[in-house]
Amino acid sequence: MSKVKISFVMVFLFLFFPVASFASVSVPYKTETLSAEGRMIETQTAYVPVGLFGSGTEMISPEDIFVNEENQVYLADSGTQLITVFNENGRAVEQIGEGVLVQPTGVYADEEGKIFVADYGAEKVFRFSADGNLEEEFGRPESPLFGSRSPYKPQKVAVDRRGNMYVVGEGSTNGIIQMNREGGFLGYFGVNRTDTGVLSSIQDLLTTERQRERMFLRVPPAPTNVALDDQGLVYSVTAGTDFEVIRKLNIAGANMLDSDISSVRQLTDIAVGPINNMVVVSSGGRIYEYDSFGNLLFRFGGRDDGSNRMGLFTSPSAVDVDNYGRIFVTDSERGTVQLFERSTFTEMLHSGIALFAEGYYVESEHYWNEVQRLNSSFGLAHTAMGEAYFKQQEYVDALEEYRQGHNKTGYSNAFWELRNEWMQSNLGLVFTLILGVFFLRSAVIYADRKKKILDPLREEKSAFKKRKLVSDLLFLFRFLRHPIDSFYYIRESERGTILSATILYGILFGLYLFMILGTGFLFTDIRTEPVNIFSEFLTLFIPLALFITANYLVSTINDGEGRLRDIYIGTVYSLGPIFVGMIPITLISNILTLNEAFIYTFSMQIIIGWSLFILITMIRTVHDYSFFETVRNIAVTLFMMVIMVLVFFIIYILMDQVVSFVYSIIQEVILRV
């Protein structure tokens, strides 16, 4: 019976025999998951510790555990120097390796029942027959490609269907050691990559290849553990790093998961479940479950505080999952194996995931509805429901589910379908309206030429524009074409006033709020809280205030001719492209999909770049600087802004300490008096 079928049978039993449900059982840890917004939230208990597996059998320091297709459990114990085989009920049926094994730290059984053991102490990989007889031992590879100085200290081992062995060795920074069934060295597989940070990128940019060869090499970390799935894909975890901590490798050794899937630096082992879900354990006692795409499902467990409660660990060393979805976790310090069983909620979730991963989106809808009913904040459920609606061409419902799940790719696809349907239904009406507007405009122009019907409107418009305040506000549009001349008029106090500039700053804040609230879902950041107007006010105007103040102070020292008034007015007038382009770009963002994202991105780059160009022109014209003086002024202004922020931060800390000190004195006086 396949793993997926077994999973469905278990769901059936849980649904119709509720006595098997552990949802109400108290556990000594919280179970957490990711919300649609990407926040960790508490959820229903996913796995329940049901007892010690193999109790009654001597265990001293279990280092690794493996469960085969028949749910037989193989335990590598470096303390007893044995491999113990259990049946699925936890009864020991065989012990292997007596007198042969020195320090077994990894175990694996292939489809033929042959048992492979990574022995750290003997520095070998042993192969035993199904009945426990030693068949062969594989020492250090003799191939010159392996490297004469490369370490060979086997810690973990896995074997694919062709008999190729994947060995994780201590200090093997070249990757996983791959050997054929005869022990011949095939090469290193899936070498870890180093995270190229900002400094490394700058170093690579500024140095030649020969110079980089003379520098210290950035050595990647060695893998910590390895596992295989039914398709032959290789999984690995790496401790001591936060880059590509969990990897799912294809036949070419390329990682199929996001490099930032996890930031946990103490992962010790990984296992693949019956629906290709990944279960990972850390040395801190936490257990993490991911689906086959790398989405975090649950985080549970923890470190024991001395109370010896089930579900908590002292030194977890290995993990594996059987065909029923039960999780086995070894604790090398306690000398135990804890067994976890799935709750009803997890059974329901796994059934939905199994169908979803196979492409049966519609069939999985029932399970996702139940998951949402039990936990409406479960982010993955919204994405899955969106896929189910999308396959049924119910694009409006799909759009809403994708929005709640913050799935922008799915939202874009559903919106494209809706937009296409609307255009097919209304394209004729749109063209009719366009033609109507064109003919109406032509008729008005013709009538105006004959009868001058628009003259009264022109006179009103001319009189309105001659008003001082209106003229100063409309002067903004002149900057788009003639910025140098326009700033000259500001410096000479002929155009622009403090009042008009202040009004424009107010309009700018309105446009900023309009952009935040009106930008399409695909082009805006995910917000988990309502917009705080005061906070957004500070976000916009604190940098502007710092720039105006810093530029005035710097320019005063460097013989700049601009007054504070000129900088205050000139700064907001420099943002003319934003005033003109923000509204149409924001509106357009609501009718674009990700396929047309370049339109939004390029438009934003144009108005920002144009505004920066006018701002630089303002600094040069108002202060009467040369080109190099302008560049120096801008650099010093930015530096001054950083210094001002640091000064304000220090003052804030000192004031906070003073307030805390005064408050503590007052509390002390109140208590004593």
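The values are calculated or read from the model by the stated rules, or taken from the named source; none is laboratory data. The shown structure was predicted, so the numbers you read here are calculated from the model rather than taken from an experiment. Methodologically, a virtual Cβ is constructed for each residue, glycine included, from the backbone with ideal geometry; neighbour enumeration extends over all protein chains shown.
Answer with yes or no whether residue 125 is under 25 Å from residue 239 (Cβ atoms), within 36 Å of the chain's Cα centre (by Cα), outside any helix (DSSP H, G or I) and of a type in the set (A, V, I, L, M).
no
Quick check on my filter: what residues within the range 139-157 are among the hydrophobic types (A, V, I, L, M, F, W, C) and either in a loop (DSSP other than H, G, I, E, B) or at pLDDT 95 or above (or both)?
Matches in the range 139-157: 157 only.
Tally the residues that are of a type in the set (Gly, Ala, Ser) and surrounded by fewer than 18 Cβ atoms within 10 Å (Cβ to Cβ), restricting the search to the range 240-282.
6
Is there a residue in the range 436-458 that is over 48 Å from the mean Cα position of the chain (by Cα), surrounded by 10 or more Cβ atoms within 10 Å (Cβ to Cβ) and closer than 30 Å to residue 573 by Cβ?
Yes, because at least one residue in the range 436-458 is over 48 Å from the mean Cα position of the chain (by Cα), surrounded by 10 or more Cβ atoms within 10 Å (Cβ to Cβ) and closer than 30 Å to residue 573 by Cβ.
Residue by residue through the range 494-506, note down the ones that are without any contact (Cβ under 8 Å) to a residue 12 or more places away in the chain and over 48 Å from the mean Cα position of the chain (by Cα).
Listed by number, the list holds a single entry, 494.
Mind listing whichever residues of the range 528-542 are out of contact with any Leu (no Cβ under 8 Å at 6 or more places or on another chain) and free of Cβ contacts under 8 Å to residues at least 24 places away in the same chain?
Correct list: 529, 530, 532, 534, 535, 538, 539, 542.
Within the range 46-60, is there a residue that is closer than 21 Å to residue 154 by Cβ and not assigned by TED's automatic domain parsing to the domain that holds residue 400?
There is at least one residue in the range 46-60 that is closer than 21 Å to residue 154 by Cβ and not assigned by TED's automatic domain parsing to the domain that holds residue 400.
Step by step: first the residues of the range 467-507, then only those that are at pLDDT below 80 and among the hydroxyl-bearing types (Ser, Thr, Tyr), then the one that is surrounded by the fewest Cβ atoms within 10 Å (Cβ to Cβ). Which residue is that?
Looking at residues that are at pLDDT below 80 and among the hydroxyl-bearing types (Ser, Thr, Tyr), I get 493.
So residue 359 clears everything in (1) outside any loop (DSSP other than H, G, I, E, B); (2) surrounded by fewer than 19 Cβ atoms within 10 Å (Cβ to Cβ) except one condition, right? Which one?
Looking at each condition in turn, residue 359 falls short on (1).
Can you find even one residue in the range 329-342 that is touching a helix residue (DSSP H, G or I) at 6+ places or on another chain (Cβ under 7 Å), among the polar types (S, T, N, Q) and not in a strand (DSSP E or B)?
No, the conditions are met nowhere in the range 329-342.
Per-residue answers, yes or no, for (1) touching a residue at least 24 places away in the same chain (Cβ under 8 Å); (2) of a type in the set (Ser, Thr, Tyr); (3) assigned by TED's automatic domain parsing to the domain that holds residue 64; (4) touching a strand residue (DSSP E or B) at 6+ places or on another chain (Cβ under 9 Å):
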residue: 110; (1), (2), (3), (4): yes, no, yes, yes
residue: 150; (1), (2), (3), (4): yes, yes, yes, yes
residue: 162; (1), (2), (3), (4): no, no, yes, no
residue: 177; (1), (2), (3), (4): yes, no, yes, yes
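Go over the candidates 43, 105 one by one and state the one that is touching a Ser or Thr at 6+ places or on another chain (Cβ under 8 Å), farther than 29 Å from residue 343 by Cβ and buried (at least 18 other Cβ atoms within 10 Å of the Cβ).
Being touching a Ser or Thr at 6+ places or on another chain (Cβ under 8 Å), farther than 29 Å from residue 343 by Cβ and buried (at least 18 other Cβ atoms within 10 Å of the Cβ) holds for just one of 43, 105, which is 105.
For the range 532-547, enumerate the residues that are more than 19 Å from residue 573 (Cα to Cα) and not hydrophobic (A, V, I, L, M, F, W, C).
Scanning the range 532-547 gives 532, 535, 536, 539.
Scan the range 586-633 residue by residue and report those that are of a type in the set (D, E, K, R) and either under 18 Å from residue 570 (Cβ atoms) or outside any helix (DSSP H, G or I) (or both).
Correct list: 620, 624, 629.
Being touching a Phe, Trp or Tyr at 6+ places or on another chain (Cβ under 8 Å) and assigned to a strand (DSSP E or B) narrows it down to one residue among 57, 84; which is it?
Of 57, 84, the one residue that is touching a Phe, Trp or Tyr at 6+ places or on another chain (Cβ under 8 Å) and assigned to a strand (DSSP E or B) is 84.
Determine whether residue 354 is modelled with pLDDT of 95 or more and either among the small types (Gly, Ala, Ser) or not assigned by TED's automatic domain parsing to the domain that holds residue 109 (or both).
Answer is no for this residue.
Give me the helices (runs of 4 or more DSSP H) completely within the range 393-485, filtered to those with at least 2 residues that are touching a residue at least 40 places away in the same chain (Cβ under 8 Å), ordered by residue number.
Fully inside the range 393-485 and qualifying: 395-404, 408-451.
Go through 57, 31, 45 for me and flag whichever is in contact with a strand residue (DSSP E or B) (Cβ under 9 Å, 6 or more places away or on another chain), among the hydroxyl-bearing types (Ser, Thr, Tyr) and without any contact (Cβ under 8 Å) to a residue 60 or more places away in the chain.
Among 57, 31, 45, only 57 is in contact with a strand residue (DSSP E or B) (Cβ under 9 Å, 6 or more places away or on another chain), among the hydroxyl-bearing types (Ser, Thr, Tyr) and without any contact (Cβ under 8 Å) to a residue 60 or more places away in the chain.
From the list 211, 231, which one is in the same structural domain as residue 155 (by TED's automatic domain parsing), outside any strand (DSSP E or B), at pLDDT 85 or above and not charged (D, E, K, R)?
Exactly one residue qualifies, and that residue is 231.
Taking the range 430-465 on its own, how many of its residues are more than 30 Å from residue 420 (Cα to Cα) and among the hydrophobic types (A, V, I, L, M, F, W, C)?
9
Which members of the range 481-525 meet the condition of being more than 17 Å from residue 604 (Cα to Cα) and either among the small types (Gly, Ala, Ser) or not assigned by TED's automatic domain parsing to the domain that holds residue 570 (or both)?
486, 493, 496, 500, 501, 506, 510
Within the range 302-322, count every residue that is more than 28 Å from the chain's Cα centre (by Cα) and surrounded by fewer than 21 Cβ atoms within 10 Å (Cβ to Cβ).
Adding up the residues that qualify gives 9.
Taking residue 325 as meeting all but one of (1) touching a residue at least 60 places away in the same chain (Cβ under 8 Å); (2) surrounded by fewer than 20 Cβ atoms within 10 Å (Cβ to Cβ); (3) part of a loop (DSSP other than H, G, I, E, B), write down the number of the exception.
In the conditions (1) touching a residue at least 60 places away in the same chain (Cβ under 8 Å); (2) surrounded by fewer than 20 Cβ atoms within 10 Å (Cβ to Cβ); (3) part of a loop (DSSP other than H, G, I, E, B), residue 325 misses (2) alone.
Each row is one residue, and each column tells you yes or no for (1) of a type outside the set (Val, Ile, Thr); (2) at pLDDT 95 or above.
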site: 261; (1), (2): no, no
site: 281; (1), (2): no, yes
site: 303; (1), (2): yes, no
site: 333; (1), (2): yes, no
site: 337; (1), (2): no, yes
site: 344; (1), (2): no, no
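Is it the case that residue 567 is surrounded by 14 or more Cβ atoms within 10 Å (Cβ to Cβ) and either in a helix (DSSP H, G or I) or among the β-branched types (Val, Ile, Thr) (or both)?
Criteria met by residue 567.
Looking only at the range 588-624, which residues are closer than 23 Å to residue 480 by Cα, touching a residue at least 40 places away in the same chain (Cβ under 8 Å) and touching a Gly at 6+ places or on another chain (Cβ under 7 Å)?
614, 618, 622, 623
Taking the condition surrounded by 10 or more Cβ atoms within 10 Å (Cβ to Cβ) and either farther than 30 Å from residue 64 by Cα or at pLDDT below 70 (or both), does residue 181 pass?
No.
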